[in-house]
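Here the structure is laid out as structure tokens; the discussion comes afterwards.
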Amino acid sequence: MNRIVLAFRSFFNVLFSGTLSDGVLNGLRLTRRTAVASATPSAAPKPAPAAAPAVRASDGALQLLAILQRDARLVDFLMEDIAGYSDDQVGAAVRELHDQCRDSLGRAIVLEPVIDGVEGTFAKAPSADPNVVKFIGNVPAKPPAGGTLRHKGWRAVKTNLPALAGRDAAVVAPAEIEIE
């Protein structure tokens with residue numbers, strides 16, 4: 001029975017502290033190593049921790065595309081040749097696809113308008129930064145303070161994409177093989 005207790009104590013000593021306690025060493029009839037003279041090389045260098053797979057800038061976009069494929073079959077729809085279908089058939093398919101994609105996008109990314117105003121009315125530009133506001137039409141050399149709002153724009157406020165956890169982001173949808 002004493003050996004079982006010693007085994008548990010050894011396991012938990014190594015698990016939590018990385019070394020054996022003096023009591024465990026005595027029970028196993030072992031002695032702790034003393035420091036070796038400085039003329040000999042010091043302890044072997046610790047191996048570098050395994051590096052996490054490199055995250056590419058495109059991984060998030062591919063992950064979102066995979067979510068839209070999983071929830072709404074968006075890629076299947078876009079890759080299908082719809083020339084042979086009537087406008088009514090395409091319209092009916094798009095209505096359901098729109099609802100599913102909108103729900104999936106809403107779960108993955110929280111969006112808000114860049115300018116929260118009514119399109120077609122005057123709106124003041126919050127910034128002259130072309131990444132925030134794109135002036136269109138007859139634009140002078142120095143952009144004005146505002147103009148007629150033609151599109152509100154969209155800004156991602158929050159993303160809720162799950163971690164990739166070892167999966168290849170380039171695989172948007174795995175192939176499916178049915179076994180009969």
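Every number in this text was worked out from the coordinates using simple rules, so none of it is lab data. If you're wondering where the values come from, they're calculated on a predicted model, not measured in any experiment. Note that each Cβ is placed from the backbone with ideal geometry, even for glycine, and that neighbours are counted across all protein chains shown.
Under 18 Å from a label point set 7 Å out along the Cα-to-Cβ vector of THR121, the amide N atoms of the stretch 133-150 belong to 146-150.
Applying 1/(1 + (r/R0)^6) with r as the Cβ-Cβ distance of ALA61 and ASN160 and R0 = 22 angstrom yields a FRET efficiency of 0.90.
Where nothing but the Cβ of Lys and Arg (+1) and of Asp and Glu (-1) is charged, how large is the charge dipole of the stretch 52-127 around its Cα centre, in debye to the nearest 20?
Details: 7 positive and 13 negative charges, 80 e Å.
Charge dipole of the stretch 52-127: 380 debye, to the nearest 20.
The count of lysine pairs in the stretch 83-180 with alpha-carbon distances below 16 Å, taking only pairs 8 or more places apart or on different chains, stands at 5.
Measuring nothing but how far apart in sequence close Cα pairs (under 8 Å, 6+ apart) lie, relative to its length, the stretch 59-159 scores a relative contact order of 30 percent.
What order do you get for 157-169, 93-105, 19-31 when each peptide is scored by the mean count of other beta carbon atoms within 10 Å, highest first? List each step's numbers first, then the result.
Working: 157-169: 10.5, 93-105: 13.8, 19-31: 12.2.
Answer by packing, highest mean first, reads 93-105, 19-31, 157-169.
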